[in-house]
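The values are calculated or read from the model by the stated rules, or taken from the named source; none is laboratory data. Please read all numbers here as calculations on a predicted model, not as lab measurements. Cβ: placed from backbone, ideal geometry, glycine included. Neighbour counts: every protein chain shown.
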């Protein structure tokens, strides 16, 4: 009789514990404001890895009877990582105490297969083995269940981990969405900055040119020469977008000098030279690569290879490559364009003048590249020619 009473008391205690667990489950998972629905959780993909086929059958039955429709399993731990990569499960029930390739080593393989940083593993551990449970948690398991399985406890832990898994995925989705928005906003700011630079370049160019097509030709010619000189794609694009600012300092030059139909006298020429320093001051010291290169071009495009240029008399490779590149493009386009003080030169005369300036006015290596790319320069002149001109 005493044995019977003990069994009865234990059954009552177990029933009370089960009811308490169920109450906790209802509180945690059935409240109206939770973020993951019950149907969403039951639609999860679950992978069971256990060398004990009987335990797998028990877990499969438990899950299927409680609405889980997508359950995979294997008794071979060496298949776990491959199954994980192919099925992308939301949860892995992984036995720790398997012979040969045990669950702790399998977890290491799963961590390599998991590209999203969150490894959704519940370890299956022997009964009342705190040491194994602690090791499983240390190696990355999010929770554990012990044999023999208590149905309510097992399902509660599974649903808890799945809810965390889905919340983690939602956060990842929010993060990706935010990243896309930031990227789009950054691109928008970049495009806005480019547009401001183009329009500032046009503002300067309209002072002594009817259409402002000069700055388009200059930017395209600089792009062509920069590519030929072996600049990186980023450097080429930056120079393409920065070169329209080469004459921005002309905004500060009086019209009586800028638009004078004849040659400038020495005093006027000195004032005209200040457009390089005016432009550099206007562009300032902004950390943006685009504005730094624009400042270089504005400041240095009238320096000469032999050191007799202005404003600083820089020599050779002391002149930034952006300035040396723009110098050739600017002179070639200026020679072949009408100006208030001159008629356009012929193509042959302009090319000859560039070559006469080799190693004195211009970087000799860039002059060679200019000659090689002359067809591209001519094509740019023709495509962006002033209305009514050749």
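Worth a mention:
- Close pairs from the stretch 170-195: first under 30 Å from residue 242 (Cα atoms), partner at pLDDT 70 or above, Cβ under 7 Å, at least 6 apart: 193/290; 194/241
- Number of positions in the stretch 77-127 that are outside any helix (DSSP H, G or I) and in contact (Cβ under 8 Å) with a residue 12 or more places away in the chain: 27
Yes/no per residue for (1) in the same structural domain as residue 301 (by TED's automatic domain parsing); (2) modelled with pLDDT of 90 or more; (3) surrounded by fewer than 21 Cβ atoms within 10 Å (Cβ to Cβ):
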residue: 239; (1), (2), (3): yes, yes, no
residue: 244; (1), (2), (3): yes, no, no
residue: 261; (1), (2), (3): yes, no, yes
residue: 266; (1), (2), (3): yes, yes, yes
residue: 269; (1), (2), (3): yes, yes, yes
residue: 276; (1), (2), (3): yes, yes, no
residue: 279; (1), (2), (3): yes, yes, no
residue: 283; (1), (2), (3): yes, no, no
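- Test: residue in the stretch 28-50 that is touching a helix residue (DSSP H, G or I) at 6+ places or on another chain (Cβ under 7 Å), part of a helix (DSSP H, G or I), surrounded by 13 or more Cβ atoms within 10 Å (Cβ to Cβ) and at pLDDT 85 or above: no
- Which listed residue is buried (at least 17 other Cβ atoms within 10 Å of the Cβ), modelled with pLDDT of 90 or more and in the same structural domain as residue 101 (by TED's automatic domain parsing), from 73, 61: 73
- Qualifying residue in the stretch 290-309 (condition: in a helix (DSSP H, G or I), surrounded by fewer than 20 Cβ atoms within 10 Å (Cβ to Cβ), assigned by TED's automatic domain parsing to the domain that holds residue 228 and in contact (Cβ under 8 Å) with a residue 24 or more places away in the chain): yes
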